[in-house]
Amino acid sequence: MKKIWLMLGVLGVVGMMGAPIAAQAGAESRCKSCHSFSDKNGMGPGLKGVYGSKAGTHPGYKYKFTKYIKGEPWVWDDEHLRAWLDDSKKAVKAFTGNPKAKTKMAAQHVKGKKADQIIAFLKTLK
């Protein structure tokens, strides 16, 4: 009986130690169906270096919304990424100031801790 409790205790500690890794993997898996984590484009633009870059400027990717940007594009920072992850369709209209602006990215409706995890992951892709 003591062996069973000892094994359960060890599994619990190992499980807690793996939580940050699982969170990172969750953030990564959320994006990888459409994006690569390099500078290569997939269905969407590659995400390497996206944090801190100007929107709509990734080489070799055609964006729908760039024609609606007047002046300099916004920079992908925490605030813009948080709004984008919540609802990219709504965010692109707000960021460009044009109700006709569109994006290919589906609204993800990611908020709170999950959005924070994804943003933290994007910051690592340098």
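Quick note: the coordinates plus some simple rules give every number you see, no bench work behind them. Bear in mind that the values here come from a model prediction, so they are computed numbers and not experimental data. All Cβ positions, even for glycine, are placed from backbone atoms using ideal geometry, and neighbour counts span all protein chains on display.
Taking the simple approach of a point 7 Å from Cα along Cα-to-Cβ for both CYS34 and HIS109, what is their distance in nm?
Distance between label points: 1.5 nm.
Under a plain spin-label model, where a point goes 7 Å from the Cα along Cα-to-Cβ, how far apart in nm are VAL75 and THR124?
With each label placed 7 Å out from Cα toward Cβ, I get 2.4 nm.
If you count, for each residue, the other Cβ atoms within 10 Å and average over each peptide, how do 95-103, 44-52, 68-76 line up from highest to lowest?
44-52, 95-103, 68-76
At what distance in nm do the modelled label points of SER53 and ASN98 sit from each other, each positioned 7 Å from its Cα along Cα→Cβ?
About 2.1 nm, to one decimal.
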